[in-house]
1. Which condition from (1) in contact with a helix residue (DSSP H, G or I) (Cβ under 9 Å, 6 or more places away or on another chain); (2) touching a residue at least 12 places away in the same chain (Cβ under 8 Å) is the one that A:Ala62 breaks?
2. Name, by its number, the condition in (1) farther than 25 Å from A:Ile154 by Cα; (2) polar (S, T, N, Q); (3) more than 9 Å from chain B (Cβ to nearest Cβ) that does not hold for A:Ser24.
3. Which ones in the stretch B:230-247 are touching a helix residue (DSSP H, G or I) at 6+ places or on another chain (Cβ under 9 Å) and either surrounded by fewer than 22 Cβ atoms within 10 Å (Cβ to Cβ) or more than 20 Å from B:Tyr86 (Cβ to Cβ) (or both)?
4. Checking the conditions here, which among A:Ala80, A:Ala58, A:Ala66 is within 24 Å of the chain's Cα centre (by Cα) and crowded, with 19+ Cβ neighbours inside 10 Å?
5. I need the full set of residues from the stretch B:86-132 which are of a type in the set (Ser, Thr, Tyr) and part of a strand (DSSP E or B), in order please.
6. Tell me yes or no: at least one residue of the stretch A:161-178 is surrounded by fewer than 21 Cβ atoms within 10 Å (Cβ to Cβ), under 11 Å from the mean Cα position of the chain (by Cα) and modelled with pLDDT of 90 or more.
7. Tell me, which residue of the stretch A:27-46 that is charged (D, E, K, R) and farther than 25 Å from B:Trp31 by Cβ is surrounded by the fewest Cβ atoms within 10 Å (Cβ to Cβ)?
8. Which fully enclosed helices (runs of 4 or more DSSP H) of the stretch A:113-223 have 1 or more residues being over 24 Å from A:Val294 (Cα atoms)?
Amino acid sequence: MSETTHDSAVGVTPPPSPDDGLTSAELAAKYGLSVSGARPTLPEYVRQLWARRHFILAFSRAKLTAQYSQAKLGQLWQVATPLLNAAVYFLIFGIIMGGREGIPGGQNRYIPFLVTGVFVFTFTQTSVLNGVRAISSNLGLVRALHFPRASLPISISLQQLQQLLFSMIVLVVILLGFRELPGFSWLMIVPVLACQFVFNTGLALIMARLGSKTPDLAQLMPFITRTWLYASGVMFSLPYMLTKHNAPDWLVDVMQGNPATVYMDLMRYALIDEYGVSDMSPLAWPLAVFWAVVFGIGGFVFFWKAEERYGRG
Amino acid sequence: MAVAEQTERSGATAQSGTKTEAQAERTPAPWVPTVVAEDLHIVYRVYGGAKGRGSATAALNRIIRRKPGGGMREVHAVRGVSFTAYRGQAIGLIGSNGSGKSTLLKAVAGLLPAERGRVYTDGQPSLLGVNAAMMNDLTGERNVILGGLAMGMSREEVARRYQGIVDFSGINEKGDFITLPMRTYSSGMAARLRFSIAAAKNHDVLMIDEALATGDKKFQKRSEARIRELRKEAGTVFLVSHNNKSIRDTCERVLWLEKGELLLDGPTDEVLKEYEKFTSK
């Protein structure tokens, strides 16, 4: 019966052949077989990733819309969430704790200062927090389909970029309300966001690899990012508060050089007229590029090094 | 029994004539290996499944004493499996639940890293499975598009095949369900859509993981026909099934896995006879 039903030209056990003495590796080499699931070279990996660019984009968009799909207000939360965040910080730090002191341009500039800071920091923060879970929360997908795994953290930071663009609409309305009118300096938004996006992606890639190996990081990271938030001068003027407490100059320089502060300061500098060059690190622009390049390339290579192991979970 | 099979499979037998012709003009050297597995071991690391107490003090104790695998348990799913598959073979994988069949296929596909040993394959093997997880909070429509893009199709290709995939899945037969989130689908519907997405592409080395078992009779017929089509193009086919009849219909060689070890590897009839003896015990 098997002869009639099995439509194969070959049988089950091979006849004696010169291949019999070969080891598996030699046999594989002879017939041009490759190790399954082996890590591609770095240029090959970049090429594969480029080929999946539409997947990355579609994935980030789908995740963005799915985020609030179960809420009644739906996509309105895209804008409401950052706004509510800013309101909470305004109440606590602006009014109760007196963070409005020492804001460039005076106390009435506090709201644009705060909202810009919150939105820019949230961009980095959520990229980190979601990056940690990038592999572990999509393990089913990783174990089912072939695609370069870096697609996942990259699309996460792309999703956050799109979220930020929603927030920017709110920001523009607030700025106009405070008579901060659009000018040529607003064009600086583009290079600042580009640098921050690359930095965030690198960070998300690093976090994704660490998080796939150590799931505990997902519990730990919210505390680290919150510490980072308070240390970055999101809701108060960093140099003013530090000098008020007699901190040495070098400490002010170091604190102002941290990537989150650099991107926030540059964004404030671009959007708020009263925010001058003297209010941020003198090395803000070189640092913005430096952090982007170091984390962007470093994070990518770091992630790629473990490419073949992500399925294990 | 054989008679009943013959009549049921009349479609398949009608095709087999043309197929053998195609086979004859292909494969000038019939013994070309396509998949070589060498002493393959797969280990899952599971968190939260630790033996002993899961209390905080127990966890701390483990960390302080630097015991390996604190809070983590290792599951040795595949233990030292070796085999060589050749071009033109259809190989069935049998064994009781949890014997490592799906894990083995995932490792051959390169989706699960091997703990020890190696798998060599000809090109990129593809796995058609019911476990191919999709994104449950997204609509069926989005899942079709994302699945296609993730498999490496271009946007145009996805757009071209979209209607075919939806029609094949039959999701829209009872109303406009493709625009609903996947989490609202019944398990059968979700499985049908997943299979339809995965089957939309042509594959070199093809592995089918119980995909035939899902869905109603009509869908099973349709997917069997699609698998036959895919087989014609694929060099080697692996089939996991608990249905001995469908193994007998499609495979001439069977690997029998039990507790992660390769128990038997041989012609379908011989292995199935042993397997049936084992299961009827």
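The values are calculated or read from the model by the stated rules, or taken from the named source; none is laboratory data. Since we're looking at a predicted model, the values are computed, not measured. Cβ sites come from the backbone with ideal geometry, for glycine too, and all protein chains shown count toward neighbours.
1. Of everything listed in (1) in contact with a helix residue (DSSP H, G or I) (Cβ under 9 Å, 6 or more places away or on another chain); (2) touching a residue at least 12 places away in the same chain (Cβ under 8 Å), A:Ala62 misses just condition (2).
2. Condition not satisfied by A:Ser24: (3).
3. Of all residues in the stretch B:230-247, those touching a helix residue (DSSP H, G or I) at 6+ places or on another chain (Cβ under 9 Å) come to B:230-232, B:237-247.
Within the stretch B:230-247, B:Leu230, B:Arg231, B:Lys232, B:Ser241, B:His242, B:Asn243, B:Asn244, B:Lys245, B:Ser246 meet the criteria.
4. On the way: A:Ala80 fails: crowded, with 19+ Cβ neighbours inside 10 Å; A:Ala66 fails: crowded, with 19+ Cβ neighbours inside 10 Å.
Answer to the selection: A:Ala58.
5. Of the residues in the stretch B:86-132, the ones of a type in the set (Ser, Thr, Tyr) are B:86, B:96, B:99, B:102-103, B:120-121, B:126.
B:Tyr86, B:Tyr120, B:Thr121, B:Ser126, listed by residue number.
6. yes
7. Among residues in the stretch A:27-46 that are charged (D, E, K, R) and farther than 25 Å from B:Trp31 by Cβ, the one surrounded by the fewest Cβ atoms within 10 Å (Cβ to Cβ) is A:Glu44.
8. Values: elements: A:139-144, A:151-177, A:189-213.
Where helices (runs of 4 or more DSSP H) fall fully within the stretch A:113-223 and carry at least 1 residues being over 24 Å from A:Val294 (Cα atoms), they are A:139-144, A:151-177.
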